[in-house]
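The values are calculated or read from the model by the stated rules, or taken from the named source; none is laboratory data. Everything quoted here is computed from the prediction, not taken from an experiment. Glycine also receives a Cβ, built like all others from the backbone with ideal geometry; neighbour counts cover every protein chain displayed. Accessible surface is based on the protein model in full, side chains and every heavy atom, while ligands, DNA and RNA are left aside. Shrake-Rupley method; radii C 1.70, N 1.55, O 1.52, S 1.80 Å.
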Amino acid sequence: MAGALPAANGVEKEERQSRSIDGPTNPMVTPLLTDLYQFTMAYAYWKGGKHNERAVFDLYFRRNPFGGEYTVFAGLEECIKLIANFRFTEDDIAFIQSSLPPTCEVGFYNYLRGIDCSDVEIHAFSEGCVVFPRMPLMRVEGPVAVVQLLETPLLNLVNYASLVATNAARHRFVAGKSKLLLEFGLRRAQGPDGGIGASKYCYMGGFDATSNVAAGKLFGIPLRGTHSHAFVSSFLCSDLLGCIFGETNQSELAAFISYALAFPRNFLALVDTYDVMRSGIPNFCAVALALNDFGYKAIGIRLDSGDLAYQSCEARNFFRVVEKEFGVSEYGKTSITASNDLNEETLDALNKQGHEVDAFGIGTHLVTCYAQPALGVVFKLVEINNKPRIKLSEDVSKVSIPCKKRCYRLYGKEGYPLVDIMTGENEPPPKVGERILCRHPFNESKRAYVVPQRVEELMKCFWPGKSGKDRAELPPIKLIRERCIKQLDQMRPDHMRRLNPTPYKVSVSAKLYDFIHFLWLNEAPVGELQ
């Protein structure tokens, strides 16, 4: 076309894309957020003239958390934000120089001044995807010294994010789709970053709202919250009315009246400060009925102690009686929220006992991942200068799967995923209706033919570097959340159940299986008996 601008080359395209990506949410996420040995290795690479050799690393985990058979992948957006803004400042260089031995040459620090991620290429699963062990959640390719410097921050950004998103998804599965789930964990989280990250990734994993105002502002997560016991106990019965209201605690009634005056359209009362059934619920109903007379509708109550199943059922019965006696339409459906150190086990127990809770506020066990504190994501070299590499171990679960790979999800006739399969990068992809042999990477007897009814390629390019490839977009968190919920719904129920779930199959192609074992035998030392 006459007068058209020339196409941008790969470097210009990468620079334009980099400028469109903000820095990490947490300002502490910088190139210095890494282990010292990454810098000592980078210096050794540089000193030996190896620093620009082309390396490929896989980021993956070996075992699903919480005794389950699935994981939710999270943290990708923050990884890409780090990579897009990866630069060392002069202060960074000065601190690194003071931390390394004085024998390190000045030329290395000049090298650090010039590095960025313009020659790094990232392929990854989409954030919010359901993922499984051994699959490369991220493939990071680039100059070996630069990629080595990315190892620790990428692991840091993915490990907790994926763990807490999975924890949230598990709580959602036990609670059921119809219940409102509220994340109340900020005060118990491991520091400010743990609190912000938990709110973000719990929402991604299926929670509906958070109490964390900062997370609401940063990520657009809906906010929910009411008052505490301190608000109720701060009132004396003489504050607003005389002590004339039956057996209930009058100061509690005064507190409810005050809160309702402040929030007539959002009145939700914490009813267990003194006595749930003898005081809290009657006081709430008195105020809610008064609001109703003025044209407002109370939202409901929150239970924060005691036998939640029993109290919720009794409260529901109380509301139904009030609806019948006073003719207040829909009053029997008044919302009941429960909190008080909830976790998967208590949610499951409530389901078995029978309850009338509409919403759960969950904090400590959710955000601290109390049942399992770490996921164990690892970062392993799989190729250097186009030559596949393998890590061997007496523990077979720690043997890495070499070379650049492509990943596919094969679906069966009923629409459920049947198996995930890894192939060599240049192998032809599986095709719908064509039989493919799927093999366990390390167990020769575990194999099966699969005729897929749908084939989904799982990895996309999220950072093209100088490759010229298009960069997949990073969607907003609400769309990631929708993807996560949809993928979880697609899983077969026996893979999802809380106790004794069926393991999901992760496999390799026959060609990749043969190559793994050829390389294994080639790299393993051969003993000699005397």
Filtering the stretch 471-530 down to residues that are more than 24 Å from Ser178 (Cα to Cα) and touching a helix residue (DSSP H, G or I) at 6+ places or on another chain (Cβ under 6 Å) yields Arg471, Leu474, Thr502, Tyr504
What do you reckon, is Val357 open to solvent by less than 10 Å² (accessible area, probe 1.4 Å) and either part of a loop (DSSP other than H, G, I, E, B) or at pLDDT 95 or above (or both)? yes
Can you confirm whether the stretch 377-396 contains a residue that is small (Gly, Ala, Ser) and open to solvent by 40 Å² or more (accessible area, probe 1.4 Å)? no
How about the stretch 273-303: which of its residues are touching a Leu at 6+ places or on another chain (Cβ under 6 Å), closer than 18 Å to Gly225 by Cβ and either open to solvent by 50 Å² or more (accessible area, probe 1.4 Å) or free of Cβ contacts under 8 Å to residues at least 60 places away in the same chain (or both)? Ala298, Ile299, Gly300
Quick one: what pairs do we get from the stretch 448-461, first residue within 17 Å of Val508 (Cβ to Cβ), second open to solvent by 80 Å² or more (accessible area, probe 1.4 Å), C-beta under 6 Å, 6+ apart or different chains? Tyr449/Arg435; Pro452/Val432; Val455/Val432
Which residue out of Leu519, Leu512 is open to solvent by less than 60 Å² (accessible area, probe 1.4 Å) and in contact with a Lys or Arg (Cβ under 8 Å, 6 or more places away or on another chain)? Leu512
Mind checking which residues of the stretch 29-80 are in a loop (DSSP other than H, G, I, E, B) and under 16 Å from Gln97 (Cα atoms)? Pro31, Leu32, Leu33, Thr34, Asp35
Can we say Val357 is within 25 Å of Phe284 (Cα to Cα), free of Cβ contacts under 8 Å to residues at least 24 places away in the same chain and among the aliphatic types (A, V, I, L, M)? no
Enumerate the pairs (first residue in the stretch 39-65 and over 11 Å from Val144 (Cβ atoms); second residue anywhere and surrounded by fewer than 19 Cβ atoms within 10 Å (Cβ to Cβ) and among the polar types (S, T, N, Q)) with beta-carbon separation below 7 Å, excluding pairs fewer than 6 apart on the same chain, so at least 6 apart or on different chains. Arg62/Ser397; Pro65/Gln372
Any residue in the stretch 5-34 that is modelled with pLDDT under 55 sitting within a Cβ distance under 6 Å of a residue that is of a type in the set (Gly, Ala, Ser) and in a loop (DSSP other than H, G, I, E, B)? List the pairs, counting only those 6 or more apart or interchain. Gly10/Gly468; Glu14/Ser118
In the stretch 493-505, the residues that are at negative phi and either over 21 Å from the mean Cα position of the chain (by Cα) or open to solvent by 70 Å² or more (accessible area, probe 1.4 Å) (or both): Pro493, Asp494, Arg497, Leu499, Thr502, Pro503, Lys505
Looking at Ser178 and the list (1) farther than 23 Å from Val357 by Cβ; (2) free of Cβ contacts under 8 Å to residues at least 60 places away in the same chain; (3) among the polar types (S, T, N, Q), which single condition is not satisfied? (1)
Flag for Ser339 being surrounded by 16 or more Cβ atoms within 10 Å (Cβ to Cβ), in contact (Cβ under 8 Å) with a residue 40 or more places away in the chain and among the polar types (S, T, N, Q): yes
Pick from Tyr408, Tyr331: which is within 25 Å of Gly142 (Cβ to Cβ), crowded, with 19+ Cβ neighbours inside 10 Å and of a type in the set (Ser, Thr, Tyr)? Tyr408
Residue among Gly424, Gly363 that alone is small (Gly, Ala, Ser), in contact (Cβ under 8 Å) with a residue 60 or more places away in the chain and within 25 Å of Leu154 (Cβ to Cβ): Gly424
How about the stretch 172-213: which of its residues are of a type in the set (Asp, Glu) and not in a loop (DSSP other than H, G, I, E, B)? Glu183, Asp193
Have a look at Val158, Val174, Val164, Val146 and point out the one that is at pLDDT 95 or above and within 16 Å of Val56 (Cβ to Cβ). Val146
Would you call Glu151 assigned to a helix (DSSP H, G or I) and either surrounded by fewer than 24 Cβ atoms within 10 Å (Cβ to Cβ) or free of Cβ contacts under 8 Å to residues at least 40 places away in the same chain (or both)? yes
If Ser400 satisfies all but one of (1) among the polar types (S, T, N, Q); (2) open to solvent by 40 Å² or more (accessible area, probe 1.4 Å); (3) assigned to a loop (DSSP other than H, G, I, E, B), what's the number of the condition it fails? (2)
Pick from the stretch 422-441, criterion over 29 Å from the mean Cα position of the chain (by Cα) and β-branched (Val, Ile, Thr), ranking: surrounded by the fewest Cβ atoms within 10 Å (Cβ to Cβ): Val432
Check Gly142, Gly128 and return the single one that is buried (at least 24 other Cβ atoms within 10 Å of the Cβ) and part of a strand (DSSP E or B). Gly142
For the stretch 90-122, how many residues are in contact with a Pro (Cβ under 9 Å, 6 or more places away or on another chain), open to solvent by less than 20 Å² (accessible area, probe 1.4 Å) and not in a helix (DSSP H, G or I)? 4
Considering only the stretch 462-478, how many residues are touching a residue at least 24 places away in the same chain (Cβ under 8 Å) and either open to solvent by 90 Å² or more (accessible area, probe 1.4 Å) or at positive phi (or both)? 4
